[in-house]
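Beneath this line is the structure, given in structure tokens, with notes to follow.
The values are calculated or read from the model by the stated rules, or taken from the named source; none is laboratory data. Quick caveat, the model's predicted, so the values are computed rather than measured. Reconstructed Cβ throughout: ideal geometry from the backbone, glycine too, with neighbour counts over all protein chains shown. Calculation scope for accessible area: heavy atoms of the full protein, side chains included, ligands and nucleic acids excluded. Shrake-Rupley method; radii C 1.70, N 1.55, O 1.52, S 1.80 Å.
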Amino acid sequence: MKKTILFLTLILASFYGFSQNSVYGVRAGINISDLDFEDQFDDTPHTHRNGFMIGFFGEYRLSNLIDLAPEIQFSAEGSKEEELRINYIQLPVLFKFNLSNNFALAVGPQASLKAHEYDDGIKNFTFSGVAGIDYMITDEFFLDFRYKYGLQNLVDDELGVEFKGNTMQIGFGVKF
């Protein structure tokens with residue numbers, strides 16, 4: 001936990017250094033989330049979960065074509081079954097490649113910290129990969145679509161089960 005707090009402190013402190021070419025904002029939207037089970041558990045009954053996400057972000061201009069976009073967000077993910085619902089506090093750090101004034105592609109890693117029931121057999125800290133596209137409606141408002149795929153097993157190793165999470169996010173945001 002100390003490492004996580006130190007990491008978040010360093011990220012937040014770095015915002016100051018990028019303040020001249022920076023934009024901040026809020027984004028919210030819906031999640032369509034599911035779990036990919038290991039082959040022998042493919043017949044395990046589960047259905048996708050519709051949830052929501054909300055978060056805050058910063059965008060820092062690295063060049064005319066590339067922005068760095070760290071975020072912090074709450075995201076309701078997992079599966080529809082009560083024991084497979086997983087809510088996260090997430091820290092995606094995305095590189096945005098500006099294709100035009102209105103479109104950008106985003107890609108990067110994401111760290112997630114489980115926000116509930118710490119002794120339920122599901123790992124408290126996970127990593128994922130994120131890819132997406134942003135569309136600027138105006139200079140302030142935007143729509144985005146993202147796909148997140150888990151890079152590690154979500155279940156504690158001693159349980160003998162393996163599954164990874166995947167989530168589609170459809171978001172709307174405003175830049176200040």
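Between Ile66 and Leu113, the contour length at 0.36 nm per residue exceeds the Cα-Cα span by 14.2 nm.
Which of the GluC sites (Glu not before Pro) found in the range 118-163 are in a DSSP loop and have at most 15 neighbouring Cβ atoms, other than their own, within 10 Å? Intermediate values should be presented prior to the final figure.
Working: sites: Glu140, Glu158, Glu162; in loops: Glu140, Glu162.
Taking the range 118-163 and a limit of 15 other Cβ atoms within 10 Å, the loop GluC sites (Glu not before Pro) found are Glu140.
Could you grab the relative contact order for the range 89-176? Cα pairs under 8 Å, six or more apart, rounded to a whole percent. So the answer I get is 23 percent.
Each label point was placed 7 Å from the Cα along the Cα-to-Cβ direction; for Ala28 and Val161 their separation is 3.3 nm.
Per residue, the solvent-accessible area of the range 56-176 (1.4 Å probe, heavy atoms of protein chains only, all protein chains present) comes to 50 Å². Between Phe127 and Asp36, full extension at 0.36 nm per residue minus the direct alpha carbon distance yields a gain of 31.3 nm. Ranking His48, His116 by solvent-accessible area of protein heavy atoms (1.4 Å probe, all protein chains present), from largest to smallest, gives His48, His116. With the simple spin-label model, which puts each label point 7 Å out from Cα in the Cβ direction, the Val93 to Phe52 separation comes to 3.0 nm. With every protein chain in place and a 1.4 angstrom probe, the accessible-area ranking of Asp36, Asp157, Asp134, largest first, reads Asp157, Asp36, Asp134. Using the average count of surrounding beta-carbon atoms within 10 Å as a protection proxy, the listed peptides 103-109, 71-77 rank, highest first, as 71-77, 103-109.
Temperature 20 °C, viscosity 1.002 mPa s: under these conditions the Stokes-Einstein estimate for the range 76-116, based on its Kirkwood radius over C-alpha pairs, is 174 µm² per second.
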